[in-house]
Amino acid sequence: GKSVILTGSDLSLPQIAAIALYPSPALHARGSDQPHAPPLSLSPSPALRAKHAASRHVIDSKVSVGLSIYGVSTGFGGSADTRTDDPVALGAALLQHQHVGVIVPSSASLARSAAGPMPLTDQPASTTMPPPWIRAAMLIRTNSLLRGHSGVRWELVEKMAEVIQKGLVPCVPLRGTVSASGDLTSLSYIAGMLIANPAIRVWMLAPPAQTPSPTYSAPHALSLTKTAPLPLASKEHLGILNGTAFSAGIAALVVGGPGGAAAIGILGSVLTAMAVEAMVGSRGSFDKFVGEARPHAGQVESARLMHALLDGSEFASHHEEEVRIEEDEGVLRQDRYSLRTAPQWLGPQFEDMKRVLETVRVEVNSTTDNPLVEPPNEKGEEGTIHHAGNFQALSLTNAMDHLRLSLAHIGKLMFVQLTEIVNPAMNRGLPGNLAGGEGALDFGCKGLDLAAASYAGELNALGGMNVGVGNVSAEMHNQSVNSLALVSARYTITALEVVQLLAATHLYVLCQALDCRALWREMQEMAGVVVRDCLGEVLGLANDPQSNGAIETITKKVMPYIQDALDKTTSMDTSPRMVKVAGAAVAPLLEAVTSLESSITDMLNLDLVKIAKFRSSLAQRLEALLVELRCAYFGRIAVFNIPSRGPAPASRYLAARTRILYEFVRLELGIKMAGGDNLKDPEKVDTTIGDKVAMILEAIRDGRVGRVVASMCEGC
């Protein structure tokens, strides 16, 4: 892709994700078509170089005359009352006391051959940050040091960029920073790698998947990649450590990475639109007038998006019809809250995410050191050392705490929609559990309903967690208040992973629901033909205008009762169900016949034998029709004349925009409507429901779903 040129002021979140998540061009196999990170370089601006040199000169000049500068001639934090005239040795002492992170397996256990008990967790993963987090932090710290406020040499900035390009990543402990004087402990491992500290372990990322290699000592890793170590000068040890790069890096990946929080926010609206279709809901809930009456920006934007997504849908109602009281008795007059109030629910999350994006964008283009070096200005005034607190990362903590709550709210809406769609008491005529086959032997999405509850419960706990208020005094009470930004960012990544899992589950369920809705739509449409045929045969009517008119009149009276019975018997197996449905047609049949002209009534000569024959014939034919439709939807061999509906049977009923995501799941991922597997022997089913949800989850996390959603929203 396009080169990333660091300037210190315009690093974007997509650029951070591209560098952190993909292999550098230097590691990319020649001729490979796999995606890779863009080339990384430093701004060639002479003005920036001059500013950087002037900043370094301020440090050198003050050190040369023995002036007292925090972290250059003094101790650190609560020990800042000590003094030294050896700033390089002081820097080494800083690294020594910050290399306290616990990483398992330790170097000692790596050298020991004796086997112990199996660990409770994956030890490296439970104690070490993933490489993308570290690469994001390295990039952000490089961008910050470039700004000329840290008093470090240009050579250090160049070395940081070099190791990023070469795929060298130090092993950094997962825990150990309070993010108050920056992420000191975490950043100290980057400094340790640069100086080739043999105690620091280093990964060398291997293309094309950017997977970590076995770890090497820093000197060995640098040697293998022909990278010269860089001895650090005065203040440079502190210059690397004293910043918020790890907190900011993780936050940037949470928000702006593929499948990140920003993408999940939009996906929540897209899935809601699909849920409206699955539940034959109303597009009117998202009408422009509603937003004008309560013009919160997020609500207006969310409603506008969902209204546009549903344009052209045959499932969603587009105009609310006014009917008399007796005409819709027993019918839910409006959609339930999870659909009808979705803009009011998702809108605040849109607004919060916009604020979070801006907070993180500012942070990754800021200087978060202490002390700060203000270079000499154009008036010739001397440079100034500022002892302040830009390292206090509470802005990020608040952003991540709020974002975690937003993710929980989005996940809550997905979960409620999912549970209503699988519940036959609430889903407007769909089978219980969205079973494609017989309900007694096909429990469809019941397991996913249970799993989703566990995801939602965990997400609620994460969303209700306020990390920022949990800080305790640290470091001789010097860091008496500390942000815990990295802790909050870590929990937010966990929340993101859970809501991605919930979204994948919801999307799987929605596609199944849309197929079931399409099948039942066809069932209801074809049932009218079956009723007319049964009436003609049982009543022995001739094919003449008078007889046809009578049959049509009777059919119109009977069909609402048949459709109502179909909707209310979805939990029954097909054979007894259709007997009950046919039975529901008897009373309206008698009422319809007696309301006809006496000459027609006499001609029909309806008696108990004919009624029983009609009921039996109708039940048998409806049963055969449903079996045939199922075969058509599952791609099975049909007995009669209903052809296969293909791998995406609901497409023709969907809005043009929602169809794109539905067909991505059905056609590109190859996930078919569930239910056909129940016709096989259990041992021949080689893919679990969870495997299929995992395919969707991978597509969410790697950005494929995000790209599909972006195409859906074009022009909205």
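The values are calculated or read from the model by the stated rules, or taken from the named source; none is laboratory data. Computed from a prediction, not measured in an experiment: that's the story for all the values here. Using ideal geometry, Cβ is built from the backbone for each residue, glycine included, and neighbour counts are taken over all protein chains shown.
For this structure, a couple of remarks:
- Residues (of a type in the set (S, T, N, Q) and either part of a loop (DSSP other than H, G, I, E, B) or in the same structural domain as Ile266 (by TED's automatic domain parsing) (or both)) located in segment 631-671: Asn641, Ser644
- Just one residue in the set Leu120, Leu145, Leu174 is crowded, with 21+ Cβ neighbours inside 10 Å, on the phi < 0 side of the Ramachandran plot and either among the hydrophobic types (A, V, I, L, M, F, W, C) or not assigned by TED's automatic domain parsing to the domain that holds Val72 (or both); that residue is Leu145.
- Residues considered: Leu590, Leu535. Of these, the only one that is farther than 29 Å from Gly436 by Cα, out of contact with any Leu (no Cβ under 7 Å at 6 or more places or on another chain) and in contact (Cβ under 8 Å) with a residue 40 or more places away in the chain is Leu535.
- Members of segment 150-181 found to be within 24 Å of Ala53 (Cα to Cα) and assigned to a loop (DSSP other than H, G, I, E, B), listed by number: Ser150, Gly151, Val152, Arg153
- Residue satisfying all of: in segment 272-286; among the aliphatic types (A, V, I, L, M) and buried (at least 24 other Cβ atoms within 10 Å of the Cβ); nearest to Asp567 (Cα to Cα) among these: Met279
- Top-ranked residue in segment 638-655 [being surrounded by 13 or more Cβ atoms within 10 Å (Cβ to Cβ) and farther than 21 Å from Val422 by Cα; ranked as modelled with the lowest pLDDT]: Ala638
- Pairs where the first residue, in segment 490-503, is under 21 Å from Ile134 (Cβ atoms) and the second is modelled with pLDDT under 95, C-beta under 6 Å, 6+ apart: none
- Taking segment 70-102 as the range and being more than 14 Å from Ala233 (Cα to Cα) and surrounded by 20 or more Cβ atoms within 10 Å (Cβ to Cβ) as the test, the residues that pass are Phe76, Gln98.
- Test: residue in segment 343-356 that is at positive phi and either crowded, with 22+ Cβ neighbours inside 10 Å or without any contact (Cβ under 8 Å) to a residue 12 or more places away in the chain (or both): no
- Taking the criterion of being among the hydrophobic types (A, V, I, L, M, F, W, C), in a loop (DSSP other than H, G, I, E, B) and closer than 30 Å to Ala262 by Cα, the residues of segment 356-393 that qualify are Val364, Phe391, Ala393.
- Residue count, segment 439-475 (criterion: among the polar types (S, T, N, Q) and within 16 Å of Thr492 (Cβ to Cβ)): 2
- Any chance Arg428 is closer than 30 Å to Asp691 by Cβ and in a helix (DSSP H, G or I): no
- Any hit, segment 30-37, residues being over 30 Å from Pro198 (Cβ atoms), modelled with pLDDT under 95 and in contact with a helix residue (DSSP H, G or I) (Cβ under 6 Å, 6 or more places away or on another chain): yes
- Criterion violated by Gly380 - all others in (1) modelled with pLDDT of 95 or more; (2) surrounded by fewer than 18 Cβ atoms within 10 Å (Cβ to Cβ) satisfied: (1)
- Considering residues of segment 431-448 that are in a helix (DSSP H, G or I) and not basic (Lys, Arg) only, the residue farthest from the chain's Cα centre (by Cα): Gly432
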